[in-house]
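Undergrad: Can you keep this structure in mind? I'll have questions shortly.
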């Protein structure tokens, strides 16, 4: 069968954790989950395309033209709860013009299956892993067979929406084919901190063993790929696709000390000259890990710092101490690795005073970059459980049923108002990035004209947005 997987453009939502300019400028990452799905379907013998409307900036009409040329039997979307109604918009548009079945997957389908399939544009939903259920669904569609044996499938029958029980199997991450990057415009992807050397993202593990209250990843079982499997994918990226920058999207890359060291050694053993970045907690790295990572090409580490306030850190179950943050940042710089600190404003116990203290701390420890988020109750998090308990309503469920239900989520755990959170976030960015000493430092660290031009363009946009208060 022919399957078109669509990655539609999302833009910015008022209830996003990021400020508008960050959503628009910080990163253009490949839809790696769709690329995994494409690889699974190709392995099953199907003909697949990915319509990358986000990276290529395609309108619905332009995307439709590409889909019509391919003439698929099925169109597939992946949807997060944030962007549910954008996917509904695009799926409805295609459905009204093409005689195709539309299948949708993603965490939103797992959390709100009945609500999601209440939209007529969706014929099928996949809850949980698609590696077995999606090929089975396509086979049943093609052969006209019953759908009741497909685990995790949501579908319509006789005017009713039916939900098959989810799979109980533990999925072997090593059994997945590598993402179908040959279907993606790899040259277009970047992050704000990248050198734009044909950039991609990669997953070497899933889930997280830590239990931060604001994070949905902590509720996923933690599983790791083998070192050899990771090495094979890195080599494929390097030799087949000419990729020279990889961003490991694991929640905490260094959580398993022995394994992370072996991955670094695998890169060195294979002679792969890639630069890479990753995310980590500050309390899981040591000198040997950083030294080895630097030798293997690590150029940036994104650390989850969140706040300098011990009360705030305890309230979100972060489990780190401020003195360890400073030590780790200093140690990381020692080995020539840039650092980015993730921070959050509007946490439980947050006050204006401890946010200002956090801003000063970020500058004092000499981070290279920062990203500041509003604390919001994401679906399937402990913080969202608190929101439901305090307000007596599941706001995300209501949003699925009615896009106009709210513009910003309530935050009953903090005394800071929405306006105060936004003002403090803008102040954080402005006071960090627009210091003369910081600007001079970044200019001297730039490695290309392209990087210089990009920083100037983004800087001008940030200054304009700060002036308007629209950031």
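No value in this document is a laboratory result; all are computed from the given coordinates. Small disclaimer: the values here were computed from a predicted structure and weren't measured. Virtual Cβ from ideal backbone geometry, glycine too; neighbours counted across all protein chains shown.
Undergrad: Based on Cα coordinates alone, diagonalise the gyration tensor for segment 325-447, multiply each eigenvalue by 5, take square roots, and list the semi-axes in whole Å, largest first.
TA: For segment 325-447, the ellipsoid semi-axes come out as 34, 15, 15 Å.
Undergrad: Against the longest principal axis of the chain, how steep is helix 32-43, in degrees 0 to 90 to the nearest 10, with axes from Cα atoms?
TA: So the helix axis and the longest Cα principal axis differ by about 40 degrees.
Undergrad: Report, in degrees rounded to the nearest 10, the 0 to 90 angle that the Cα long axis of helix 352-364 makes with the longest principal axis of the chain.
TA: Its long axis makes an angle of about 70 degrees.
Undergrad: Another question, then. Compute the Kirkwood hydrodynamic radius of segment 181-307, taking the inverse of the mean of 1/r over all pairs of distinct Cα atoms, and give it in Å to one decimal.
TA: After inverting the mean inverse Cα-Cα distance, the result is 15.1 Å.
Undergrad: Sorted by packing (mean other beta-carbon atoms within 10 Å per residue), highest first, where do 203-214, 73-84 land?
TA: Per-residue Cβ counts within 10 Å, averaged per peptide and sorted highest first, yield 73-84, 203-214.
Undergrad: Counting each DSSP H run of 4 or more residues in the chain as -39500 (n - 2.57), what helix-only mean residue ellipticity at 222 nm follows after dividing by all residues, to the nearest 500 deg cm²/dmol?
TA: My calculation for the chain gives -12500 deg cm²/dmol from helical runs alone.
Undergrad: Based on the Cα coordinates of the chain, what is the per residue volume of their convex hull in Å³?
TA: Cα-based convex hull of the chain, divided per residue, equals 148 Å³.
Undergrad: Follow-up question, since we're still on this one. Going by C-beta contacts inside 10 Å, put 218, 194 in order with the fewest on the left.
TA: So the ranking, lowest neighbour count to highest, is 218, 194.
Undergrad: Find how many whole Å separate the alpha carbon centroid of segment 336-415 from the alpha carbon centroid of segment 115-154.
TA: Cα centroid of segment 115-154 versus Cα centroid of segment 336-415: 35 Å apart.
Undergrad: On to the next question. Between the helical axis of 382-391 and the dominant principal axis of the chain, each derived from Cα atoms, what acute angle in degrees is found, rounded to the nearest 10?
TA: The angle comes out near 80 degrees.
Undergrad: Can you give me the orientation-averaged projected area of the convex hull built on the Cα atoms of segment 68-156, in nm²?
TA: Over every viewing direction, the Cα hull of segment 68-156 projects on average to 5.7 nm².
Undergrad: Which percent of Cα pairs goes in each bin when the distances of segment 161-212 are cut into 5 angstrom slices starting at zero?
TA: Reading the bins upward from 0: 4, 12, 15, 14, 17, 16, 12, 7, 3, 1.
Undergrad: Also, quick follow-up: Express as a percent, rounded to the nearest 5, the fraction of DSSP beta bridges in the chain (both residues included) that run antiparallel.
TA: Here the antiparallel bridges make up roughly 20 percent for the chain.
Undergrad: Which order do the peptides 101-109, 323-331 take when ranked by the mean count of other beta-carbon atoms within 10 Å per residue, highest first?
TA: 101-109, 323-331
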